[in-house]
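I'd like to ask some things about the structure below.
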Amino acid sequence: MARVLGSLRIDRMRALSEACAGRTIKVFKIAWPYRHRIEAPAGCSGRVLFTIVCGSKNATAFDRACSKGANYAGAPMNEVGIIKMPIGNLQSVLNAVYENGLDPVLLDPTSDMDSLTHLIMPGVGHFMAVKAQLDADGWPDKVRAFAASGRPTLGICVGMQLLATTGTEGRESPGLDLIPARVQRLAEGNEMLRVPHVGWNSVEFTRPHPVLSGVRPGADYYFVHSYAMQTECSEHSLGETVYGQRFTSIVGRDNVIGFQFHPEKSQINGLKLLDNFCNWDGKC
């Protein structure tokens, strides 16, 4: 019986082949309009090698690769897991990862994470309340173990704040302590700078990072938050935004990265950041 290797957007990747005893992967359409299942012949073993063809409707030769497909050449497709947060932007994050050509997996506390290559922790809401729900579901140790394995880990909005050592929303409460930092309320500004900070604002990159590669510096992203992270080490601050005060809007340490804004709602630049993350190997 054929092994299911993964699935791809057929409009982005037109055909695949596998270096396995000279046999070719078959692509079967299983849903409309762009979902396809990719299967390898029975008895095929060893490393899976993809050669992707995409582009024009006449692109039929397996030795022609598009720029998007080149990211997958020579390696199995990345498997991205998204934690089912109690409150948050779950569906929009899932849709954004899907639009970038991958098939994300929604994770509950019983999910097996061994096969995952990347983990995303989205979130909207109250730091202490979200952390309490994660504690009840046993997520903190799982997220820490995943990050400790060296696999890329991403937090979005409150998901980013939870990467910190401590949060102060409601009362002081512990975070995941993946990045030495403290989350504190934004300073109240004038009538033009009310808290919460809602809307579009620019992000200036302060340090180079693979996930920021090819993204325009100073672009606008969509924010919804009242608290912001203050890192203990300036090297962990990858991007900053000004809203009455300067705060860290992109944070990173080793294979862990976080966005205070919502990349899934930030149009082309946000989608590019998510695409970079999903193709990142976790090394800086």
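Here, each number is a calculation from the coordinates, and none is a lab measurement. This structure is a prediction, so every number in the text was calculated from the model and none was measured. All Cβ positions, even for glycine, are placed from backbone atoms using ideal geometry, and neighbour counts span all protein chains on display.
Pop out the ³J(HN,Hα) list for segment 244-259 in order, Karplus 6.51 cos²θ - 1.76 cosθ + 1.60 with θ = phi - 60°, rounded to Hz; leave Gly and Pro as x.
Running phi through 6.51 cos²θ - 1.76 cosθ + 1.60 with θ = phi - 60° gives x, 8, 8, 9, 6, 10, 9, 10, x, 8, 6, 8, 10, 9, x, 10 Hz.
Using the beta-carbon distance between Ala148 and Glu188 and R0 = 35 Å, what value does 1/(1 + (r/R0)^6) give for FRET efficiency, to the nearest 0.05? It would help to have the intermediate numbers written out before the result.
Working: r = 38 Å, r/R0 = 1.09.
That pair, Ala148 with Glu188, gives E of 0.35.
Here's a follow-up. Which Rg and Dmax, in Å, describe the Cα atoms of segment 158-199?
That works out to 12.1, 35 Å for Rg and Dmax.
Whole-Hz Karplus ³J(HN,Hα) for segment 161-173, in order, using 6.51 cos²θ - 1.76 cosθ + 1.60 and θ = phi - 60°, x for Gly and Pro?
Whole-Hz 3J(HN,Hα) from phi for segment 161-173: 4, 5, 6, 6, 6, 9, x, 10, 6, x, 7, 5, 8.
Check the straight Cα-Cα distances from Lys283 and name the aspartates and glutamates below 18 Å, setting aside those fewer than 8 residues away within the same chain.
Glu79, Glu235, Asp254, Asp275
Using just the alpha carbons, could you tell me how many Å³ per residue the convex hull of segment 157-284 encloses? Let's see the in-between values first.
Working: hull volume 12.0 nm³, N = 128.
Here the figure is 94 Å³ per residue.
Please sort 216-226, 252-262 by packing, taking for each peptide the average over its residues of neighbouring beta carbons within 10 angstrom, highest first.
On the way: 216-226: 16.5, 252-262: 24.5.
So the order, starting with the most tightly packed, is 252-262, 216-226.
Label-point separation (nm) for Ser173 and Asp254, each offset 7 Å from Cα along Cα-to-Cβ?
If labels sit at Ser173 and Asp254, their model points lie 2.6 nm apart.
Karplus couplings for segment 126-136 from phi (6.51 cos²θ - 1.76 cosθ + 1.60, θ = phi - 60°), rounded to Hz, Gly and Pro as x?
Once rounded to whole Hz, the list reads 8, 3, 5, 5, 5, 4, 4, 5, 4, 4, 4.
Given a Förster radius of 35 Å and the C-beta distance between Ser115 and Val195 as r, what FRET efficiency does 1/(1 + (r/R0)^6) yield to the nearest 0.05? Don't skip to the end; give the middle numbers.
Working: r = 41 Å, r/R0 = 1.18.
Efficiency, from the Cβ-Cβ distance: 0.25.
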